[in-house]
Amino acid sequence: NKISDLAHKYIYREMEFNFSKMCNIGAENAEGQYLLFLNDDTQVISENWLEKMLNYASQSQTGAVGCKLLYPEKGKIQHCGVVNIKNGPVHGFLGFNDNSDLYFGRNKYAYNYSAVTAACMMIDKSKFIPFDEGLSVAYNDVDLCFTLIEKGYYNVCVNSVKLFHYESLSRGDDRRNNEKLLRLYSEMERLYKKHGSFVFYDRFYNRNLTQHRADFSIENIEYINRG
């Protein structure tokens, strides 16, 4: 009954887990003008969330539209945009409290980012590029967003739209398994081979900010006086 309340069409194929392939199957069979990718471990807590996301997705310059994801236990930030630092693509302000404005309201207002997570992502179907099925678990959404930027679009995170995200509840945490961790690094390598201009570069993240954390703090550089 829950599925029938959400959509008139439900497609299921038994196969090895491949997030990209599952999303591509959904996109191929979708009949509407706009695609919404939404994880089954999320809970919407904002009113008019689809209308708010659609307001941005319908603009000609917009690529992918994301939203704010919160951990349900303490309301801490899980996602409010992805920044591409030297350590790789990371969620900005991961684990921070959401009860105050962080770095000029980056967690409160709509901002352009290099990428947004496909745990909740909307995009005009005419702009959609199929997810890379070689990126079966990680960085498939980042790859899509990088491609959209290369095509001249802007990805935006709409932080007035909030969802709880029970992250990795059904699949587990990749960082706790050596085999999955190696796969994670392999997929990051594939990502940067495809998008060489994004290595150590993020056009929406000031280069004077830290490249080793996702907190938007100023990088501390010690200068040694050799005189």
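Is it the case that some residue within the stretch 106-124 is more than 21 Å from His165 (Cα to Cα), surrounded by fewer than 21 Cβ atoms within 10 Å (Cβ to Cβ) and more than 10 Å from the chain's Cα centre (by Cα)? Yes: the stretch 106-124 contains one or more residues that are more than 21 Å from His165 (Cα to Cα), surrounded by fewer than 21 Cβ atoms within 10 Å (Cβ to Cβ) and more than 10 Å from the chain's Cα centre (by Cα).
Residue pairs whose Cβ atoms lie under 6 Å apart, separated by 6 or more positions or on different chains, with the first residue in the stretch 21-49 and at pLDDT 95 or above and the second among the acidic types (Asp, Glu), are Lys21/Glu133; Tyr34/Asp124. Within the stretch 189-200, residues that are more than 14 Å from Leu148 (Cα to Cα) sit with their Cβ atoms under 6 Å from residues that are aliphatic (A, V, I, L, M), at 6+ positions apart or across chains, in these pairs: Tyr192/Val199.
Asn155 satisfies every condition listed in (1) crowded, with 21+ Cβ neighbours inside 10 Å; (2) not β-branched (Val, Ile, Thr); (3) not in a strand (DSSP E or B) except (3).
Every residue in the stretch 67-101 that is at pLDDT below 95, in contact with a Phe, Trp or Tyr (Cβ under 6 Å, 6 or more places away or on another chain) and surrounded by 13 or more Cβ atoms within 10 Å (Cβ to Cβ), please. Of everything in the stretch 67-101, just one residue is at pLDDT below 95, in contact with a Phe, Trp or Tyr (Cβ under 6 Å, 6 or more places away or on another chain) and surrounded by 13 or more Cβ atoms within 10 Å (Cβ to Cβ), namely Pro72.
Report whether or not Glu189 is closer than 25 Å to Phe17 by Cα, surrounded by fewer than 14 Cβ atoms within 10 Å (Cβ to Cβ) and at pLDDT 95 or above. The answer is yes for Glu189. Among the residues of the stretch 125-134, is any open to solvent by less than 50 Å² (accessible area, probe 1.4 Å), more than 17 Å from the chain's Cα centre (by Cα), more than 23 Å from Lys52 (Cα to Cα) and modelled with pLDDT of 95 or more? Yes: one or more hits. Only residues that are touching a helix residue (DSSP H, G or I) at 6+ places or on another chain (Cβ under 6 Å), in a loop (DSSP other than H, G, I, E, B) and more than 18 Å from Tyr34 (Cβ to Cβ) were counted across the stretch 102-133, and they come to 2. The combined condition, being under 30 Å from Ser186 (Cβ atoms) and part of a strand (DSSP E or B), is not fulfilled by Ile25. On inspection, Gln43 fails the criterion of being surrounded by 19 or more Cβ atoms within 10 Å (Cβ to Cβ), assigned to a strand (DSSP E or B) and either out of contact with any helix residue (DSSP H, G or I) (no Cβ under 8 Å at 6 or more places or on another chain) or not polar (S, T, N, Q) (or both). Every condition in (1) surrounded by fewer than 19 Cβ atoms within 10 Å (Cβ to Cβ); (2) touching a Lys or Arg at 6+ places or on another chain (Cβ under 6 Å); (3) at pLDDT 95 or above holds for Thr147 except the one numbered (2). Checked against the criterion of being open to solvent by less than 40 Å² (accessible area, probe 1.4 Å), on the phi < 0 side of the Ramachandran plot and among the polar types (S, T, N, Q), the stretch 6-21 contains one or more residues that satisfy it. Taking the criterion of being part of a loop (DSSP other than H, G, I, E, B) and either of a type in the set (Val, Ile, Thr) or touching a Cys at 6+ places or on another chain (Cβ under 7 Å) (or both), the residues of the stretch 54-86 that qualify are Cys80, Gly81.
The values are calculated or read from the model by the stated rules, or taken from the named source; none is laboratory data. Treat the numbers as computed from the prediction; the structure is a model and nothing was measured. Cβ: placed from backbone, ideal geometry, glycine included. Neighbour counts: every protein chain shown. Ligands, DNA and RNA are excluded from the accessible area calculation, which covers all protein heavy atoms including side chains. Shrake-Rupley method; radii C 1.70, N 1.55, O 1.52, S 1.80 Å.
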